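A short write-up of the structure that comes next.
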Amino acid sequence: MVMGLLQRSSRFLSLALQLNQWSVEKTKKDMARKPGYMERDIPNMKAGLELAQRGLHVATDKKSFAYFLGEALALPEGQKIAALERVVQDKSPEGVARFVNNLYDHSQLGNVEYRLRLFSLNRSALLAEKDPFIDLAGELQREFDAAEAEGEVLAGKMMLLKPLYMEALLKTRKGPIFPDANSTLRLNFGVLEGYSPKDAVLYSSQTTLKGVLEKDTGKEPFEVPEKIKLVYRNHNTEGYTDPELKDVPVNFLTTNDSTGGNSGSPIIDKEGNLMGLLFDGNYESVVSDYYFLPEITRTISVDARYILFVADKVDKAENVLKELMVIR
């Protein structure tokens, strides 16, 4: 688990691991390679190396990697990652910071042309580059391979246990059960509705831009961008004010049943119009996967009108708005 978190914490590291693995796999016959590294996968791998640039923010990447590296180094005996114990010699906070700074200061993986050039190199030429992230990936590869092998063993054991689990489930439920819908497209329905989690506490179904500004503290996570405040002070909200709210709508609550991984799902009305995008659930919905309470379980979505408002009035993204069919 920690290995996976460490890999996902840094785009630099994940790219280095991919390039390192590719330099190994390309020496094998095509059918002997790992999935994702065959000849047919080359166009997708190259495209991925290019597309990675879109989501690459070095400062964020560095901060995220430093945090998870610290967590990995703090693991108790018996769980430590041997490769990290070797390469990070000074494990004090200052030493870890120097190690991370050295990685990012001397790596060129933030450059897309450099990544594509590394992709074309054989293994010896790749290692000769002495890119610190490539070197780190080489040290970590054995650890990742071991974790992957362990995961495959566990997956095999789960395959043997799954029929027994289903048999027990059928006996317990004594009737039809819902099929496993993981990794499939799913639809569910709901209505716009607030809720009351306890006596004298009531959450309305919609929030407004006025409410956002009221919560502004000037510090994360409640720091409102100055551009939004300026637009609101100048009353430049024409076309985006809800007639009932008399303000710009921001978020709304619905009775939809959502879970982890649903963020970004579209909320559509009965005519198929996009009304918003799901991004969270309320505090009381945390247990809904195990025990659904319709009176207090709510999905939180950002209103499509707020998305358009920010794109139009705040970011002046006319090029994006021209591509959309906006129904008012």
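For R298, nonlocal amide neighbours, meaning residues 5 or more places apart or on other chains whose placed amide H falls under 5 Å from its own, are N282, S285.
In the chain, taking the dipole from charged Cβ atoms about the Cα centre, the farthest positive-side position among L6, S285, I307 is held by L6. Inter-part distance, segment 206-285 to segment 23-69, computed on C-alpha centroids, equals 35 Å. Per-residue 3J(HN,Hα) values for segment 99-106, derived from phi via the Karplus relation 6.51 cos²θ - 1.76 cosθ + 1.60 with θ = phi - 60°, read 4, 5, 4, 5, 4, 6, 6, 10 Hz in sequence order (x marks Gly and Pro).
Among 251-257, 45-51, 87-93, 320-326, the peptide with the highest mean count of other Cβ atoms within 10 Å heads the list, and the full ranking is 251-257, 45-51, 87-93, 320-326. What 222 nm value per residue comes from the helices of the chain, counting each DSSP H run with n ≥ 4 as -39,500 (n - 2.57) and dividing by all residues, nearest 500 deg cm²/dmol? So the calculated ellipticity at 222 nm is -14000 deg cm²/dmol.
For S107, no residue 5 or more places off, or on another chain, has a built amide H under 5 Å of its own.
From largest to smallest, the equivalent ellipsoid semi-axes obtained for the chain from the alpha-carbon gyration tensor read 42, 30, 22 Å. Scanning residues 5 or more positions from D242 or on other chains, those with amide H under 5 Å from its amide H are D247, V248, with H placed 1.01 Å from N in the peptide plane. Taking the number of Cβ atoms within 10 Å of each Cβ as an exposure proxy, the fewest-first ranking of F68, F178 is F178, F68.
For segment 33-46, putting each phi into the Karplus relation 6.51 cos²θ - 1.76 cosθ + 1.60 with θ = phi - 60° gives couplings of 7, 5, x, x, 10, 8, 4, 5, 8, 4, x, 5, 5, 5 Hz, in residue order, rounded to whole numbers and with x for Gly and Pro. Applying the Karplus relation 6.51 cos²θ - 1.76 cosθ + 1.60 with θ = phi - 60° to segment 72-77 yields 3J(HN,Hα) values of 5, 6, 8, 4, x, 4 Hz, where x marks Gly and Pro.
Any read-out appearing in this document is the output of simple, stated calculations on the displayed coordinates, not a laboratory observation. In this text the structure is predicted, and so the values were computed from the model without any measurement. Counting neighbours? That spans all protein chains shown, and the Cβs are built from the backbone with ideal geometry, glycine included.
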